[in-house]
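Colleague: Handing you a structure now.
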Amino acid sequence: MDQATTLRNMVKERRESDVKKKARVITVTSGKGGVGKSNTSVNLALALSELGQKVIIFDADFGLANVEVMFGALPKYNLSDVIYRGKSIEEIITPGPNNIGFVSGGSGIVGLSNINRDQLAYLIHNLNSLDSLADFVIIDTGAGISDQVLSFAMMSPEIIMITTPEPSSLTDSYSLIKALYRNPNFDRANTTIRVLANKASTIEDGELVYQKLSSVVSKFLQGRLDYLGMIPLDTTIDKAIRQQKPVMMLFPNCRASKAYKLVASDIVNGTHLANNVKRGISEIFSSFMLNRRL
Ligand SMILES: Nc1ncnc2c1ncn2[C@@H]1O[C@H](COP(=O)(O)OP(=O)(O)O)[C@@H](O)[C@H]1O
Ligand SMILES: [Mg+2]
């Protein structure tokens, strides 16, 4: 049996035995760097945890340890320690504030396509427990149309597309969405792409970002985007970053923090998931590896 068949069988077995809860997996991505993905991941995690949700942030931007820096803590382990050194997923979760955990992908993600059957079985088994440990897994990705970013976004049932009012951010978001739609593995019908307008100066400014992007996606790709909301351009975010604390912790009542809370409540209470097939994190990783092998 080749590796892809083995993996497919393992995923199938898991699905059949899986009556447990699955975490809601949200990939935070963008076409352009520096638009606020890591900020959003961390502050949204805090806002969700205020609403009683157990959140794990998965840092898939392996080049830059953004999330770690923002929490002021460096994780000792990453996904490679699960794959190659027999650690459990629980052991590599670095505890953050408000019961938020974070997992660093490290170089583990890069090596995912080369692991052997036993390592794969062990990883999938471990990722199962991540599903039961968390209500939400937020995946913070790098920017752009790289393999890694696309693979994560492609597998995730929910995508938050961070876009700023800058024209280049809009065109880069469009390119990323186009690349997703063109990929045969992308499940358009079961994926929600929601635009979060970041660094917007007013509510109208945020809505305009959404309208511009969604109208080109509708016109040229016959696709549909939803609007998640806006986070204002707020200088307290930079102040917080300088102190290595998320703005939600340092300035819980500033404009940006209030906006994160609004977005979190919409994510928890929104009805947008009604038609979505819920895929847990272990299923997403399995598909991720399958697609890289095929
Ligand atoms: N709403 C905002 N208002 C002001 N500055 C912001 C906002 N969101 C992000 N930033 C700033 O933009 C920069 C990039 O943010 P970051 O989250 O690291 O982006 P990314 O992860 O997309 O590369 C940081 O310096 C951050 O402080
Ligand atoms: Mg980042």
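The values are calculated or read from the model by the stated rules, or taken from the named source; none is laboratory data. None of the values given here were measured: they were computed from a predicted structure. Heads up, the Cβs are rebuilt from the backbone with ideal geometry, glycines too, and the neighbour counts pull from every protein chain shown.
Colleague: For Gly52, all conditions in the list (1) assigned to a loop (DSSP other than H, G, I, E, B); (2) surrounded by 24 or more Cβ atoms within 10 Å (Cβ to Cβ) hold save one; what is the number of the exception?
Modeller: All conditions are met except number (2).
Colleague: Now a separate question. Yes or no: Lys54 closer than 29 Å to Val263 by Cα and modelled with pLDDT of 75 or more?
Modeller: yes
Colleague: Same structure, new question: Quick one: what pairs do we get from segment 32-47, first residue more than 6 Å from ligand 1 (Cβ to nearest atom), second part of a helix (DSSP H, G or I) and charged (D, E, K, R), C-beta under 7 Å, 6+ apart or different chains?
Modeller: Taking only residues 6 or more apart or on different chains, the pairs are Lys32/Asp172; Ala47/Lys261.
Colleague: On to the next question. What's the number of the condition Val28 fails, among (1) within 11 Å of ligand 2 (Cβ to nearest atom); (2) under 11 Å from Phe136 (Cα atoms); (3) β-branched (Val, Ile, Thr)?
Modeller: Looking at each condition in turn, Val28 falls short on (2).
Colleague: Going through segment 162-190 one residue at a time, which ones are of a type in the set (D, E, K, R) and modelled with pLDDT of 90 or more?
Modeller: Matches in segment 162-190: Glu166, Asp172, Lys178, Arg182.
Colleague: Are any residues in segment 133-161 within 26 Å of Asp266 (Cβ to Cβ), at pLDDT below 90 and assigned to a loop (DSSP other than H, G, I, E, B), and if so, which ones?
Modeller: Thr141, Gly142, Ala143, Ser156, Pro157
Colleague: Could you look through segment 33-49, keep only residues that are out of contact with any helix residue (DSSP H, G or I) (no Cβ under 6 Å at 6 or more places or on another chain) and assigned to a loop (DSSP other than H, G, I, E, B), and pick out the one that is surrounded by the most Cβ atoms within 10 Å (Cβ to Cβ)?
Modeller: Among them, the one singled out is Gly36.
Colleague: Exactly one of (1) in contact (Cβ under 8 Å) with a residue 60 or more places away in the chain; (2) out of contact with any Phe, Trp or Tyr (no Cβ under 9 Å at 6 or more places or on another chain); (3) within 16 Å of ligand 2 (Cβ to nearest atom) is unmet by Met249. Its number?
Modeller: Met249 satisfies all of (1) in contact (Cβ under 8 Å) with a residue 60 or more places away in the chain; (2) out of contact with any Phe, Trp or Tyr (no Cβ under 9 Å at 6 or more places or on another chain); (3) within 16 Å of ligand 2 (Cβ to nearest atom) except (3).
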